[in-house]
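The values are calculated or read from the model by the stated rules, or taken from the named source; none is laboratory data. Computed from a prediction, not measured in an experiment: that's the story for all the values here. Here the Cβ is made from the backbone with ideal geometry for all residues, glycine too, and neighbour counts use every protein chain on show.
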Amino acid sequence: MRQLFEHIRSNGKRIALASSAKGDELEAYKQIAGIDDFDASETSSDDADRSKPYPDIFRAALSGLKGIAPDVAIVIGDTPYDAEAATSANLKTIGLLCGGWAKEELLRAGCVAVYRDPEDLLDHYGSSPLAAR
């Protein structure tokens, strides 16, 4: 995950974490992903009235990225709930299979592209929806 974040940042893009987890849980997940010291905007379920599949968390995350419109932002998620919530917030979603859902389920929920995991997305970054933004 860290290498993907670093690559996204090196391409001049900004990053916001948007998790349904509570704030303290999010800190633990960031440690597991190796991004606990990564400077990124973040929002958790503590910052939203409703959790995914409602769009509240993504709207809160987007508000933390001043000047970024929904049509240029893109979500990376690993569940259909991520895609449904993002679509409700007028955001496009890249799906990752590492969340345990099938490609067809992620596409049906609204993902515009699906990759195996963060490494696969990084390997195909140049042809991914991220490169076009």
Quick one: would you say residue 121 is buried (at least 19 other Cβ atoms within 10 Å of the Cβ) and modelled with pLDDT of 95 or more? yes
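When segment 49-77 is examined, which residues are found to be assigned to a loop (DSSP other than H, G, I, E, B) and closer than 12 Å to residue 18 by Cα?
51, 52, 55, 64, 65
A quick yes/no check of all residues on (1) among the hydrophobic types (A, V, I, L, M, F, W, C); (2) touching a residue at least 24 places away in the same chain (Cβ under 8 Å); (3) in contact with a helix residue (DSSP H, G or I) (Cβ under 6 Å, 6 or more places away or on another chain); (4) closer than 26 Å to residue 12 by Cβ:
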residue	(1), (2), (3), (4)
53	no, yes, yes, no
67	no, no, no, yes
74	yes, yes, no, yes
96	yes, yes, no, yes
100	no, no, no, no
103	no, no, no, no
111	yes, yes, yes, yes
118	no, yes, yes, yes
Looking at (1) free of Cβ contacts under 8 Å to residues at least 60 places away in the same chain; (2) part of a loop (DSSP other than H, G, I, E, B); (3) among the hydrophobic types (A, V, I, L, M, F, W, C), find the lone condition where residue 86 falls short. (2)
Out of 33, 28, 18, sole residue that is hydrophobic (A, V, I, L, M, F, W, C) and either over 16 Å from the mean Cα position of the chain (by Cα) or modelled with pLDDT under 90 (or both): 28
If you go through 8, 57, the only one that is buried (at least 16 other Cβ atoms within 10 Å of the Cβ), under 19 Å from residue 130 (Cβ atoms) and of a type in the set (A, V, I, L, M, F, W, C) is 8
If I filter segment 108-127 down to residues being assigned to a helix (DSSP H, G or I) and of a type in the set (A, V, I, L, M, F, W, C), which single residue comes out as nearest to the chain's Cα centre (by Cα)? 121
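Quick one: count up the residues across segment 1-48 that are among the hydrophobic types (A, V, I, L, M, F, W, C) and assigned to a loop (DSSP other than H, G, I, E, B).
7
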Within segment 64-117, take every residue that is at positive phi and of a type in the set (Gly, Ala, Ser) and give me the one that is surrounded by the most Cβ atoms within 10 Å (Cβ to Cβ). 110
Is it fair to say residue 18 is surrounded by 14 or more Cβ atoms within 10 Å (Cβ to Cβ) and either out of contact with any Pro (no Cβ under 6 Å at 6 or more places or on another chain) or at positive phi (or both)? yes
Residue hits (segment 89-107; of a type in the set (A, V, I, L, M), touching an Asp or Glu at 6+ places or on another chain (Cβ under 9 Å) and not in a helix (DSSP H, G or I)) are 89, 91, 96
